[in-house]
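Here is the structure we will look at.
What follows is calculated from the coordinates using simple rules that are stated; it is not laboratory data. Quick caveat: nothing in here was measured; it's all calculated off a predicted structure. We place every Cβ from the backbone using ideal geometry, glycine too, and count neighbours over all the protein chains shown.
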Amino acid sequence: MVEKDPRVRFAPSPTGMLHIGGARTAIYNWAFARTMGGTFVLRIEDTDPTRSTEENTQIILRALRWLGLDWDEGPEVGGACGPYFQTQRTETYQAALDKMKASGRAYPCFCTKDELDAKRAKAEAEEGGYAGYDGTCRCLSAEEAQARIEAGEPHVWRLKVPADHGPIEFDDAVYGHMSFPADVMDDMIIQRTDGTFTYNFAVVCDDANMGITHVIRGDDHLSNTPRQILIYEACGFTVPTFAHLPMILGPDGHKLSKRHGATSVEEYRDRGYLPEAMVNFLALIGWSLDGETTIIPEDVLCQSFTLDRINRKDGVFDETKLEWMNGVYIREMDADAWVEAATPWLAQAYVDGVQAPAGAHIVPTPSKEEQAETARQAHAPGEGVVAERWQKALAHVADNPELFRAIFPLISERLVRFDEIPAKLAYFFWGPNVQLDEKSVQKVLLKEGAQADRALHLCREVLSSIEGDWDEDAAMEACKAKGEAVGLKPKQLFQPLRVAVTGNMVSPPLFESIKLMSMDDVMARIDGTLSAVFGGSLDD
Ligand code: GLU
């Protein structure tokens, strides 16, 4: 049973990008808060001075916003339990420590690093090995400790784990009942010699002071939990419910890492995945609605997320499934939303199109690897494009909304990522500079007996006679009829026309594409192809 108004938090350390695993943790916290009518707190754990940066904090906030995970309390929105940056909460940690000192639950330790290292080395060489701090300073009298502090002797503060503490037990919402022997927990440091507080102590103070009721986090923190429970107890704080999330594995069964490719949310954004698809996909790595539903829009997720449906087994990050899901979300978009979301990639298609070398050219067919590389380069669209040209391209998209809206149904059926857009759509902007794919030229235009040049002439004649408003089907029928009269089958007509207009034998629908171009443009493409491939027209 979940009590009323749960408070949960996502507590990233701003030491890098927002990773896939962190994003999933954030999604679960957010969806849980939304489902339960609770509060989602964002806390920045920026206590590592060497690795935490303001820039990384901004990157994480941006990624969370892009995913649509709005927080109720935290940076930029504030809240009653702020500040929401650990570096600004030192006083609260000091206050908690002072209480522990007063109740005798913490003691100063004057053992030097050298002494501790020597003890550790000795213990490790002996049977049984090192079992943590040996408690030398635990037994100092209060007077002696105070005198040494006043004499300015450097010291840390340690938690005094009660000698008779039984096993540390808790019911994890995912893993069930957990029990850890307390006698293997040494008296951990809570405040260092330089006055800074240790990670476990700060997390507990923050969670308690922020009224967090459910700690939902990666199971890499599971080993911290018994230690944190000891701190809750020592401070007299209420222990929250813990839910530890299983790992995310790559397709090879190893923990997801850079070796598997992109691992940060922004990399997926830059490859043209939709935030809605990312959230849906990540939510399902380790959680299920009913064991079978795969498309779970945000509103459903935010009404149905429960901790008891989190899987104990590690989840697998399957990018093929993500691509499929992204395609589903793309097809559900309306054309306006698509143009808006795809604008950078549409602008890139425009840039690539207008930059095509002058005149019709036969260009080598890219290998699969080269195609993947092109898509990778389309990663952060606009990068490397001179600012002015890029602005023009963006303006072109903005100024021609009908064109781009009309293009959407031509490619939405097969599109799985937006970074495919530049390669798929650059042809719209070539004008006469048609880039003829070499393989398509060989297989379609130069195939023995194809009579492609005749077919192109024939189509040119029919299309050039079209006036005013015209209809794709009627134009196609007219070409077909002409072709039939001279013994050319539809395929013999339209495949060459497709290559001449789009540069490739595989393309979005041909006549729909033609319809979106000016007839002069189409004529110029046919003429360019005829001269580049056949060295002139039939009449020469
Ligand atoms: N700051 C920790 C991390 O980024 C999370 C701590 C927690 O969730 O308890 O891994």
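Computed values, structure above
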{"item": "For the range 474-540 versus the range 1-43, the gap between their alpha-carbon centres in whole angstrom", "result": "56 Å"}
{"item": "Computed [θ] at 222 nm, helices only, for the chain once each DSSP H run of length n ≥ 4 contributes -39500 (n - 2.57)", "result": "-14000 deg cm²/dmol"}
{"item": "Value in Å of the Kirkwood radius, where the range 38-93 supplies the Cα pairs that are averaged", "result": "12.0 Å"}
{"item": "Excluding exposed DSSP-loop GluC sites (Glu not before Pro) (at most 16 other C-beta within 10 Å), longest clean stretch of the chain", "result": "128-291"}
{"item": "Over the range 270-397, relative contact order from alpha-carbon pairs under 8 Å, at least 6 apart, %", "result": "34 percent"}
{"item": "At q = 0.20, 0.27, 0.29 Å⁻¹, base-10 log of I(q)/I(0) for the range 445-486 (Debye sum, equal scatterers on each alpha carbon)", "result": "-0.64, -0.95, -1.03"}
{"item": "Compactness index (Cα Rg / 2.2 N^0.38 Å), the range 233-357", "result": "1.37"}
{"item": "Whole-number D in µm² s⁻¹ for the range 373-483, Kirkwood Cα-pair radius fed into Stokes-Einstein, 37 °C, 0.692 mPa s", "result": "189 µm²/s"}
{"item": "Extension gain, Asp98 back to Asp314 (0.36 nm per residue minus Cα-Cα distance, nm)", "result": "73.7 nm"}
{"item": "Viscosity 1.306 mPa s, temperature 10 °C, Stokes-Einstein D of the range 343-412 from Kirkwood C-alpha radius, µm²/s", "result": "117 µm²/s"}
{"item": "As computed over the range 120-244, the Cα convex hull volume per residue (Å³)", "result": "145 Å³"}
{"item": "Using alpha-carbon coordinates, inclination of helix 490-502 to the longest axis of the chain, degrees", "result": "60 degrees"}
{"item": "Cβ-Cβ FRET estimate between Glu144 and Glu267, R0 fixed at 51 Å, reported to 0.05", "result": "0.35"}
{"item": "Length gained when the stretch Lys113-His361 is fully extended (0.36 nm per residue, less Cα-Cα span)", "result": "82.1 nm"}
{"item": "Cβ-based exposure ranking for Thr294, Thr25, in which fewest neighbours within 10 Å come first", "result": "Thr294, Thr25"}
{"item": "Filtered chymotrypsin sites (Phe, Trp or Tyr not before Pro), the range 417-474: DSSP coil and at most 16 other beta carbons within 10 Å", "result": "Trp470"}
{"item": "Rh by Kirkwood over Cα pairs, then Stokes-Einstein D for the range 69-161 at 1.306 mPa s and 10 °C, µm²/s", "result": "97 µm²/s"}
{"item": "Over the chain, relative contact order from alpha-carbon pairs under 8 Å, at least 6 apart, %", "result": "12 percent"}
{"item": "Nearest-0.05 FRET efficiency for Thr306 and Arg414, computed from C-beta distance (R0 35 Å)", "result": "0.45"}
{"item": "Separation of alpha-carbon centers, the range 184-227 and the range 440-471, rounded to whole Å", "result": "72 Å"}
{"item": "Cα-based convex hull volume of the chain per residue, rounded to whole Å³", "result": "204 Å³"}
{"item": "Angle between the chain longest axis and helix 199-209 axis [Cα atoms, degrees, rounded to 10]", "result": "90 degrees"}
{"item": "Extension reserve of the Gln451-Leu516 stretch, reckoned as 0.36 nm per residue once the Cα distance is removed", "result": "20.7 nm"}
{"item": "Globularity ratio of the range 183-300, using Cα Rg and 2.2 N^0.38 Å", "result": "1.38"}
{"item": "Quarter of Cα convex hull surface for the range 194-254, i.e. mean projection, nm²", "result": "5.5 nm²"}
{"item": "Cα long-axis angle, helix 452-464 against the chain (0 to 90 degrees, to the nearest 10)", "result": "90 degrees"}
{"item": "Prolate/oblate/rounded call for the range 292-409, Cα gyration tensor, a/c under 1.5 rounded", "result": "prolate"}
{"item": "Extreme residue, positive dipole direction of the chain, given options Thr374, Ala406, Thr112 (C-beta unit charges)", "result": "Thr374"}
{"item": "Distance violations [Cα-Cα > 19 Å] among Lys447/Lys489; Lys258/Lys368; Lys439/Lys491", "result": "Lys258/Lys368"}
{"item": "The chain - Cys residues lacking any other Cys C-beta under 4.7 Å", "result": "Cys81, Cys111, Cys139, Cys205, Cys235, Cys302, Cys459, Cys479"}
{"item": "Rg/Rg_ref, the range 461-540, where Rg_ref = 2.2 N^0.38 Å and atoms are Cα", "result": "1.06"}
